[in-house]
Amino acid sequence: IAIAMPQIGARLTMSKRYGVDILIAIDVSSSMLAQDIKPSRLEKAKLEISSFIDKLKGDRVGILTFAGDSFMQCPATLDYGAAKMFLSIIEAGMMPKPGTAIGDAIRTAAKGFSKKDRKNKVVILLTDGEDHGANPIEAANEAKKEGVIIYTIGIGTRKGEPIPVIDDSGKVIG
């Protein structure tokens, strides 16, 4: 037992974090099912986000889903496995309100950051569409005042493609 050097008790130490808080806002509207990018816009976005998370070291990452409204799927965390688990369950149509409310997504993301930290706040916005009345420019300006940097990534091709209608079994019916 002495060789194993057992220890009793706990000791708390303060450490300084040097990473960035990153919230990934991903569009889950039905248009993300279009297959102009294979296998679909949404699946490609999820693959790229997963690859991005694999490259993080010391940064907190969170995931927000949006369509006609927005929801924080996974608050900012250092647990990359948990973030990827939440990412894996994301699917198109999971938001009850249809549409694409980019402004609401930006506002929800900005609320997800600590108010006392004026730097190291990033939103990565992935969408294929235009905003449907949520005023994203105004929301981006509000977020900028809070110290949030927004990077926007458009998903899809210039040509586009019809949005498939899929039944409950996953079969394309129209």
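Could you please find all residues in segment 132-174 being within 18 Å of Leu42 (Cβ to Cβ), open to solvent by less than 60 Å² (accessible area, probe 1.4 Å) and within 19 Å of the chain's Cα centre (by Cα)?
Ile155, Gly156
From the list Gly9, Gly99, Gly58, exactly one residue is assigned to a loop (DSSP other than H, G, I, E, B), more than 14 Å from the chain's Cα centre (by Cα) and either buried (at least 16 other Cβ atoms within 10 Å of the Cβ) or of a type in the set (S, T, N, Q) (or both). Which is it? Steps first, answer last, please.
Values: Gly9 fails: either buried (at least 16 other Cβ atoms within 10 Å of the Cβ) or of a type in the set (S, T, N, Q) (or both); Gly58 fails: either buried (at least 16 other Cβ atoms within 10 Å of the Cβ) or of a type in the set (S, T, N, Q) (or both).
When all the criteria are applied, what remains is Gly99.
Restricting to segment 75-95, count the residues that are at pLDDT below 95 and touching a Gly at 6+ places or on another chain (Cβ under 8 Å).
Adding up the residues that qualify gives 5.
Could you tell me whether segment 117-126 includes any residue that is more than 12 Å from the chain's Cα centre (by Cα), among the aliphatic types (A, V, I, L, M) and under 21 Å from Ile155 (Cα atoms)?
Here is the first cut: in segment 117-126, the residues more than 12 Å from the chain's Cα centre (by Cα) are 117-121.
Still in the list and also among the aliphatic types (A, V, I, L, M): none.
No.
Sort out which residues of segment 75-96 are open to solvent by less than 10 Å² (accessible area, probe 1.4 Å) and either more than 13 Å from the chain's Cα centre (by Cα) or over 18 Å from Met32 (Cβ atoms) (or both), and write them in order of number. Before you say what the answer is, go through the steps one by one.
Taking segment 75-96 first, the residues open to solvent by less than 10 Å² (accessible area, probe 1.4 Å) are 83, 87, 90.
If the condition is that a residue be open to solvent by less than 10 Å² (accessible area, probe 1.4 Å) and either more than 13 Å from the chain's Cα centre (by Cα) or over 18 Å from Met32 (Cβ atoms) (or both), then Ala83 is the only one that fits.
Is it true that some residue in segment 119-126 is polar (S, T, N, Q), open to solvent by 30 Å² or more (accessible area, probe 1.4 Å) and more than 21 Å from Met72 (Cβ to Cβ)? Before you say what the answer is, go through the steps one by one.
As a first pass, look at segment 119-126 and keep what is polar (S, T, N, Q): 120.
If we keep only those that are open to solvent by 30 Å² or more (accessible area, probe 1.4 Å) too, we end up with 120.
Now restrict to residues that are more than 21 Å from Met72 (Cβ to Cβ): none.
No, there is no match, as no residue in segment 119-126 is polar (S, T, N, Q), open to solvent by 30 Å² or more (accessible area, probe 1.4 Å) and more than 21 Å from Met72 (Cβ to Cβ).
Residues to consider are Ser50, Ser29; find the one that is closer than 25 Å to Gly156 by Cβ, polar (S, T, N, Q) and either touching a Cys at 6+ places or on another chain (Cβ under 7 Å) or surrounded by fewer than 20 Cβ atoms within 10 Å (Cβ to Cβ) (or both). Show your work before the answer.
Working: Ser29 fails: either touching a Cys at 6+ places or on another chain (Cβ under 7 Å) or surrounded by fewer than 20 Cβ atoms within 10 Å (Cβ to Cβ) (or both).
It is Ser50.
So which residues in segment 102-118 are in a loop (DSSP other than H, G, I, E, B) and in contact with a strand residue (DSSP E or B) (Cβ under 9 Å, 6 or more places away or on another chain)? Walk me through it before giving the result.
In the first step, residues of segment 102-118 are kept if they are in a loop (DSSP other than H, G, I, E, B); the result is 112-118.
Hits for segment 102-118 are Gly112, Phe113, Ser114, Asp117.
Going residue by residue through segment 71-84, is there one that turns out to be touching a Pro at 6+ places or on another chain (Cβ under 6 Å) and part of a loop (DSSP other than H, G, I, E, B)?
Start the filter on segment 71-84 by keeping residues that are touching a Pro at 6+ places or on another chain (Cβ under 6 Å), which leaves none.
No, the conditions are met nowhere in segment 71-84.
The values are calculated or read from the model by the stated rules, or taken from the named source; none is laboratory data. Because the structure is a prediction, the values reported are computed rather than measured. As a convention, Cβ positions derive from the backbone with ideal geometry for all residues, glycine included, and neighbour counts pool all protein chains shown. Surface areas here come from the heavy atoms of the whole protein model, side chains and all, with no ligands, DNA or RNA. Shrake-Rupley method; radii C 1.70, N 1.55, O 1.52, S 1.80 Å.
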